[in-house]
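A short worksheet on the structure shown next.
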Amino acid sequence: MADKIEAAHPTILAQLVDYATGAIVSRTLEKTPGGTLTVFAFDTGEELSEHTAPFNAYITVLDGSAELTIGGQVVNTAKGETVLMPA
């Protein structure tokens, strides 16, 4: 497994992080002053605490489904969908 995405090389993001029972697994692929690219694998029922960020975040569901809360609004999303979470 590469440490980051290789230039000019197709990458399957879902293969860059594995699920773990009762856990959230994350892998940061790129970190720049403008933001980071991180892949997460959530076991069923796991969640991140509500937080803010200084830049927009995009959530792309690679497998399964997710329930997000953005500015108090619940957003249900599924495999293949992308949602913008504003800064």
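The values are calculated or read from the model by the stated rules, or taken from the named source; none is laboratory data. The structure presented is a predicted model; accordingly, all values stated were derived computationally and were not measured. Cβ: placed from backbone, ideal geometry, glycine included. Neighbour counts: every protein chain shown. Accessible surface areas use protein heavy atoms only, side chains included; no ligands, DNA or RNA. Shrake-Rupley method; radii C 1.70, N 1.55, O 1.52, S 1.80 Å.
Residues in segment 41-56 carry Karplus couplings, in order, of 10, 9, 6, 3, x, 7, 8, 9, 6, 5, 7, 10, 9, x, 9, 4 Hz; the curve used is 6.51 cos²θ - 1.76 cosθ + 1.60 with θ = phi - 60°, and Gly or Pro positions show x. When each of the peptides 78-86, 59-67 is scored by how many other beta carbons lie within 10 Å of its residues on average, the order from highest to lowest is 59-67, 78-86.
If you run the Gaussian network model on the chain, springs between alpha carbon atoms under 10 Å, then out of T32, T44, T52 the most flexible one is T32. In the chain, the portion of solvent-accessible area held by carbon and sulfur atoms comes to 52 percent [1.4 Å probe, whole percent, DNA, RNA and ligands not counted]. The residues of the chain expose, per residue, 76 Å² of accessible area to a 1.4 Å probe. Labels on offer are (i) 37, 25, 21; (ii) 38, 32, 21; (iii) 72, 16, 9, and the one holding Cα extents along the principal axes in Å computed from this structure is (ii).
Applying the criteria of a DSSP loop state and at most 16 other Cβ atoms within 10 Å to the chymotrypsin sites (Phe, Trp or Tyr not before Pro) of segment 38-82 yields F55.
Summarising the amide proton neighbourhood of I70: residues at separation of 5 or more, or on other chains, whose placed amide H is nearer than 5 Å comprise V75.
Take the Cβ atoms of T36 and V83, set R0 to 22 Å, and the FRET efficiency comes out at 0.80.
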